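Engineer: Quick one: the structure is below, and I'll ask about it shortly.
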Amino acid sequence: MKLLSSKATCNSHGQDSSYFLGWQEYEKNPYHEVDNPTGIIQMGLAENQLSFHVLESWLAENPDAAGFKRNGESIFRELALFQDYHGLPAFKNALVDFMAEIRDNRVSFDPNKLVLTAGATSANETLMFCLAEPGCAFLLPAPYYPGFDRDLKWRTGVEIVPIHCSSSNNFQITESNLNKAYDEAQRRNLKVKGILVTNPSNPLGTTLSRDELDLLITFITTKGIHLISDEIYSGTVFASPRFISVMEALMENKHKKNNVWKQVHIVYSLSKDLGLPGFRVGAIYSNNEDVVAAATKMSSFGLVSSQTQHLLSVMLADKKFTKVYILENKKRLKKRHEMLVAGLKDAGINCLKSNAGLFCWVDMRHMLTSKTFEAEVDLWKKVLFQVGLNVSAGSSCHCTEPGWFRFCFANMSQETLDLSIHRMKAFVDSYKINTRRPKRNSARRTLSQWVFRLSLQDRKHEER
Amino acid sequence: MVAIDIQKPSVALSRVADSETHGEDSPYFAGWKAYDENPYDELLNPTGVIQMGLAENQVSFDLLEKYLEQHSEASTCGNRISSFRENALFQDYHGLKSFRKAMASFMEQIRDGRARFDPDRVVLTAGATAANELLTFILADPGDALLVPTPYYPGFDRDLRWRTGVRIVPVHCDSSNNFQITPQALEAAYNNAQALNIKVRGLLITNPSNPLGATIQRSVLNEIFDFVMRKNIHLVSDEIYSGSVFSPSKFVSVAEIVEARGFKDAERVHIVYSLSKDLGLPGFRVGTIYSYNDKVVTTARRMSSFSLVSSQTQNLLASMLSDREFTENYIKTNRERLKKRYEIIVKGLRDSGIECLKGNAGLFCWMNLSTFLEEQTRERELDIWNSIMQEVKLNISPGTSCHCSEPGWFRVCFANMSEKTLEVALKRIHDFMEQRKLKRS
């Protein structure tokens, strides 16, 4: 008799994909400005490190919140004992206000329809458990976040059927590719229970257009299925077009009368917008009472620490803080984004036009030796080992076109981003040289030495 | 003619979402509701329902509060353990190393150094609730079963079964031998499962036991170990109450058995722990799985992504639990106070003519009202439970909700209230029992 369950022995946790392999290589040889300047720069981690100073100054001015105090009085006991899966009311109230503020108050949220979970990872999995049986499928626009392969499928037994999007229309969702995906699921005998979109998109960094949202809502109405909108990056929209939440799109009259709002659910988290992935704060928002009821009970398996709920309830209730934070965060993201896009352009590399997120979707198709995923992996390895950048290969995001890569820009200092851009430029320059001359090992060695010898003087001085 | 809107049936949810396996409709939760509607308060509502169905530990908060006062840097975001931003970014499912070390050390201290714990085998989860579910996902497939001795914690019905699709096959224990687990009961349960074509993957014990409030003896643990080896199944020991043993030498952890056997067959043994009971911090969601099986450790770690412990909380507790002066004093004082509470309640009940199972741990006692039942049936047990709730205004947990095979037993918590409130509760019971005597005579 085998000792562990099938779940324990299968590979659905997805930890063998390049997404995680790149991470491992980075851990073996991590870049450090002083201790390891030739190390690998981590550009595969979608973290937001740009606005900590705003958080830190708030914390310095409000020490009570972290110190278990409310209005000067200790509430330690109350918090220590608080394990109610309905969540700390003060926190839920502050969180729904924050979510509304991010959406320019075009929509408002009811705290009673919000379920707290230990991160969006937990929220997404919980919704799968609530909405689908093992062997059912959810349709996901591809390319998508590699973590979904684990989060949505591993313990739930749910299948993902990709909605293949193409660069020909900037990877937008169309009626045609939606139908193709639905038909593919039917062909595989999988009952489709819903669609899960990430808006703004990871890895594309784009927001869904109103047309796409209307299309999705009409589609789920016709098919009688659910729509989950993972809006984890909603606070990172730094340029137009503005962010339209699925909740806002639902307010259109034509959707209102169809009663489809019970089929639409939002996932949110503070891991990206606020840069607090360690605190494990996620949420499910649904107008469907049955989903809220079931998800609330399930959240027992992944509650948010009451200590953290309290701290954030005070922080997010401070409207002065939230206003400043949201603005400052967008400003910094926009600047970083521009820097990366311009820098790569100088190297003859284009990015998908994007207005959100912590990353760029980079077009390196012209650098492939052939239009294949093997060539993509080769190029990815070159970028990892020769250039010293851990970026995410499009294939790990289930992109159907080889040659696209996700480069993160918000998880490092400006100097480090600058260095990575210079490394890429140097690589591209030598790549051009190498592709003109017959390959010689010495040329490759010289490239590596040259790339890594780039010093601070070689680069422009930029303000922090 | 008026057009009629056709109401579309709402889109269905999953079977898991619709099922009742979350168990929230049992009396265990009904009593809770009664309390919520009319909660006792010493000043504001002295005739309200006293909550004696909640196994919380409130007797040692002052020690925690004192520690926090003297070490305020532990709770600020950003201290000597890590800066704010390092902490805020830390979502590594390996868990903060300093915290794992502190946990391992704390677990050793609770066992008075009779077992060693390797921090690299400590997997952190958001509470024991998550830990137990996680282990079930790892050790069993849907349709398989775990053997669980009765009476057991009602929450297991949800934690082990709901989303996992795994079943519980009870190992029946009774008062004839103080509800101890016997090899015969184990075999009988295993055979029951076989007869129903159900594959048994493991045995889950709670030691010290909830709701019995008693530790499992070394000889019984050895018999249990022999049993799981014979059947080639796993052994999960939920030791969440290990720090609540009034007399330390009475507690034998399964870790000691493993070590005594030279780690032979250890890869089938897994321990669950949490700070919710011993430290009284259920709100902070700190649980752990300790496994002697490398593959289980690796898999559990990856799966813990769905229920990580807040890094803010890990940071705070790493400080606190690495402070040996604090932990030694806490463990000792907590035990003494729990012992005192236990003695108060046992004496109080005895003075009312009620006996309890001889206990030595936990936050509750296992009270025997079977002699007061008109008939030895579940219905009569629930009648008495109802009277106690409505007339005496105490919420206690009926044995039925713990799947006890003998009617008439109740779990009564004593550590989630002040001593004064406990006295009030005991007086109410006393008066209730006196009235019953008068009615009878």
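Engineer: So which residues in the stretch A:141-164 are in contact (Cβ under 8 Å) with a residue 60 or more places away in the chain, among the hydrophobic types (A, V, I, L, M, F, W, C) and under 19 Å from A:Lys180 (Cβ atoms), if there are any at all?
Structural biologist: Within the stretch A:141-164, A:Ala142 is the sole residue that qualifies.
Engineer: Would you check if A:Arg459 is at pLDDT below 50 and among the charged types (D, E, K, R)?
Structural biologist: yes
Engineer: For the stretch B:311-369, give me the residue count where each residue is within 14 Å of chain A (Cβ to nearest Cβ) and within 30 Å of B:Glu406 (Cα to Cα).
Structural biologist: Number of matching residues: 1.
Engineer: Which numbered condition in (1) at pLDDT 95 or above; (2) under 24 Å from the mean Cα position of the chain (by Cα); (3) crowded, with 18+ Cβ neighbours inside 10 Å; (4) not charged (D, E, K, R) is the only one that A:Pro146 fails?
Structural biologist: (1)
Engineer: Taking B:Val296 as meeting all but one of (1) farther than 18 Å from A:Arg280 by Cα; (2) away from chain A (no Cβ under 11 Å), write down the number of the exception.
Structural biologist: The one condition B:Val296 does not meet is (2).
Let's see how each residue does on (1) closer than 20 Å to B:Leu281 by Cβ; (2) open to solvent by less than 10 Å² (accessible area, probe 1.4 Å); (3) away from every other protein chain (no Cβ under 14 Å):
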| residue | (1), (2), (3) |
| --- | --- |
| B:Phe137 | no, yes, no |
| B:Thr150 | no, yes, yes |
| B:Pro170 | no, no, yes |
| B:Ser176 | no, no, yes |
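Engineer: Residue by residue through the stretch A:206-232, note down the ones that are in contact (Cβ under 8 Å) with a residue 60 or more places away in the chain and among the polar types (S, T, N, Q).
Structural biologist: Once the filter is applied, which keeps residues that are in contact (Cβ under 8 Å) with a residue 60 or more places away in the chain and among the polar types (S, T, N, Q), the stretch A:206-232 yields A:Thr206, A:Thr207.
Engineer: Taking the condition of a type in the set (Lys, Arg) and more than 10 Å from chain A (Cβ to nearest Cβ), does B:Lys250 pass?
Structural biologist: Here the answer is yes, as B:Lys250 does meet what is asked.
Engineer: I need the full set of residues from the stretch A:274-298 which are more than 10 Å from chain B (Cβ to nearest Cβ) and crowded, with 24+ Cβ neighbours inside 10 Å, in order please.
Structural biologist: If the condition is that a residue be more than 10 Å from chain B (Cβ to nearest Cβ) and crowded, with 24+ Cβ neighbours inside 10 Å, then A:Gly282, A:Ala283, A:Ile284, A:Tyr285, A:Ser286 are the ones that fit.
Engineer: Could you check the stretch A:173-182 and list, in sequence order, the residues that are crowded, with 18+ Cβ neighbours inside 10 Å and not hydroxyl-bearing (Ser, Thr, Tyr)?
Structural biologist: A:Ile173, A:Asn177, A:Leu178, A:Ala181
Engineer: Can you work out which of the residues in the stretch A:257-270 that are more than 7 Å from chain B (Cβ to nearest Cβ), in contact (Cβ under 8 Å) with a residue 24 or more places away in the chain and open to solvent by 10 Å² or more (accessible area, probe 1.4 Å) is nearest to A:Thr126 (Cα to Cα)?
Structural biologist: The residue in question is A:Trp261.
Engineer: Restricting to the stretch B:306-351, give me the number of residues that are open to solvent by 10 Å² or more (accessible area, probe 1.4 Å), hydroxyl-bearing (Ser, Thr, Tyr) and over 17 Å from B:Glu73 (Cα atoms).
Structural biologist: Here the count works out to 2.
Engineer: Check whether at least one residue in the stretch B:328-346 is in contact with a Pro (Cβ under 8 Å, 6 or more places away or on another chain) and modelled with pLDDT of 95 or more, and report yes or no.
Structural biologist: yes
Engineer: Can you tell me which residues in the stretch A:204-222 are assigned to a helix (DSSP H, G or I) and either in contact with a helix residue (DSSP H, G or I) (Cβ under 7 Å, 6 or more places away or on another chain) or among the β-branched types (Val, Ile, Thr) (or both)?
Structural biologist: A:Arg210, A:Leu213, A:Asp214, A:Leu215, A:Ile217, A:Thr218, A:Phe219, A:Ile220, A:Thr221, A:Thr222, listed by residue number.
Engineer: Report the residue count in the stretch B:159-197 for those that are assigned to a loop (DSSP other than H, G, I, E, B) and closer than 30 Å to A:Ala295 by Cα.
Structural biologist: Number satisfying all stated conditions: 5.
Engineer: Considering only the stretch A:254-295, state which residues are over 20 Å from A:Leu88 (Cα atoms) and in contact with a Gly (Cβ under 6 Å, 6 or more places away or on another chain).
Structural biologist: Within the stretch A:254-295, A:Asp273 is the sole residue that qualifies.
Engineer: Please state which one of A:Ser209, A:Ser201 is out of contact with any Ser or Thr (no Cβ under 7 Å at 6 or more places or on another chain), crowded, with 22+ Cβ neighbours inside 10 Å, of a type in the set (S, T, N, Q) and under 21 Å from A:Val237 (Cα atoms).
Structural biologist: Of A:Ser209, A:Ser201, the one residue that is out of contact with any Ser or Thr (no Cβ under 7 Å at 6 or more places or on another chain), crowded, with 22+ Cβ neighbours inside 10 Å, of a type in the set (S, T, N, Q) and under 21 Å from A:Val237 (Cα atoms) is A:Ser201.
Engineer: Here's another thing I want to ask about it. Quick check on the stretch B:360-375. Is at least one of its residues out of contact with any helix residue (DSSP H, G or I) (no Cβ under 7 Å at 6 or more places or on another chain) and among the small types (Gly, Ala, Ser)?
Structural biologist: yes
Engineer: Among the residues of the stretch B:384-403 satisfying the criterion of being over 11 Å from B:Ala34 (Cα atoms), open to solvent by 30 Å² or more (accessible area, probe 1.4 Å) and not hydroxyl-bearing (Ser, Thr, Tyr), which is modelled with the lowest pLDDT?
Structural biologist: B:Glu391
Engineer: Could you tell me whether any residue of the stretch B:275-290 is surrounded by fewer than 24 Cβ atoms within 10 Å (Cβ to Cβ), within 14 Å of chain A (Cβ to nearest Cβ) and assigned to a helix (DSSP H, G or I)?
Structural biologist: No, there is no match, as no residue in the stretch B:275-290 is surrounded by fewer than 24 Cβ atoms within 10 Å (Cβ to Cβ), within 14 Å of chain A (Cβ to nearest Cβ) and assigned to a helix (DSSP H, G or I).
Engineer: Looking only at the stretch B:96-130, filter to residues that are assigned to a helix (DSSP H, G or I) and of a type in the set (Lys, Arg); which one of those is surrounded by the most Cβ atoms within 10 Å (Cβ to Cβ)?
Structural biologist: Selected residue: B:Arg100.
Engineer: Which of the following residues is of a type outside the set (A, V, I, L, M) and in a loop (DSSP other than H, G, I, E, B): B:Lys264, B:Lys295?
Structural biologist: After applying the criteria, what remains is B:Lys264.
Engineer: Here is a follow-up. What is the residue count in the stretch B:262-274 for residues that are within 8 Å of another protein chain (Cβ to nearest Cβ) and surrounded by 24 or more Cβ atoms within 10 Å (Cβ to Cβ)?
Structural biologist: 0
Engineer: Hey, among the residues in the stretch B:198-225 that are assigned to a loop (DSSP other than H, G, I, E, B) and within 14 Å of chain A (Cβ to nearest Cβ), which one's farthest from B:Arg111 (Cα to Cα)?
Structural biologist: B:Ile198
Engineer: Taking the stated definitions as given, is A:Pro89 without any contact (Cβ under 8 Å) to a residue 40 or more places away in the chain, more than 9 Å from every other protein chain (Cβ to nearest Cβ) and closer than 15 Å to A:Val314 by Cβ?
Structural biologist: yes
Engineer: Kindly check whether there is at least one residue in the stretch A:287-309 that is within 19 Å of the chain's Cα centre (by Cα), closer than 25 Å to A:Gly194 by Cα and assigned to a loop (DSSP other than H, G, I, E, B).
Structural biologist: Looking for residues that are within 19 Å of the chain's Cα centre (by Cα), closer than 25 Å to A:Gly194 by Cα and assigned to a loop (DSSP other than H, G, I, E, B), one finds none in the stretch A:287-309, hence no.
Engineer: Would you check if there is a residue in the stretch B:75-95 being open to solvent by 50 Å² or more (accessible area, probe 1.4 Å), assigned to a helix (DSSP H, G or I), within 14 Å of chain A (Cβ to nearest Cβ) and within 30 Å of A:Gln24 (Cβ to Cβ)?
Structural biologist: Yes, some residue in the stretch B:75-95 is open to solvent by 50 Å² or more (accessible area, probe 1.4 Å), assigned to a helix (DSSP H, G or I), within 14 Å of chain A (Cβ to nearest Cβ) and within 30 Å of A:Gln24 (Cβ to Cβ).
Engineer: From B:Met303, B:Met320, which residue is within 24 Å of A:Ser271 (Cβ to Cβ) and in contact with a His (Cβ under 9 Å, 6 or more places away or on another chain)?
Structural biologist: Unique residue meeting the criteria: B:Met303.
Engineer: What is the number of the single condition among (1) modelled with pLDDT of 95 or more; (2) within 14 Å of chain B (Cβ to nearest Cβ); (3) open to solvent by 40 Å² or more (accessible area, probe 1.4 Å) that A:Pro241 does not meet?
Structural biologist: The single condition A:Pro241 does not satisfy is (2).
The values are calculated or read from the model by the stated rules, or taken from the named source; none is laboratory data. Being a predicted model, the structure only gives us computed values, none of them experimental. Glycine gets a Cβ as well: all are built from the backbone with ideal geometry, and neighbour counts include every protein chain shown. Ligands, DNA and RNA are excluded from the accessible area calculation, which covers all protein heavy atoms including side chains. Shrake-Rupley method; radii C 1.70, N 1.55, O 1.52, S 1.80 Å.
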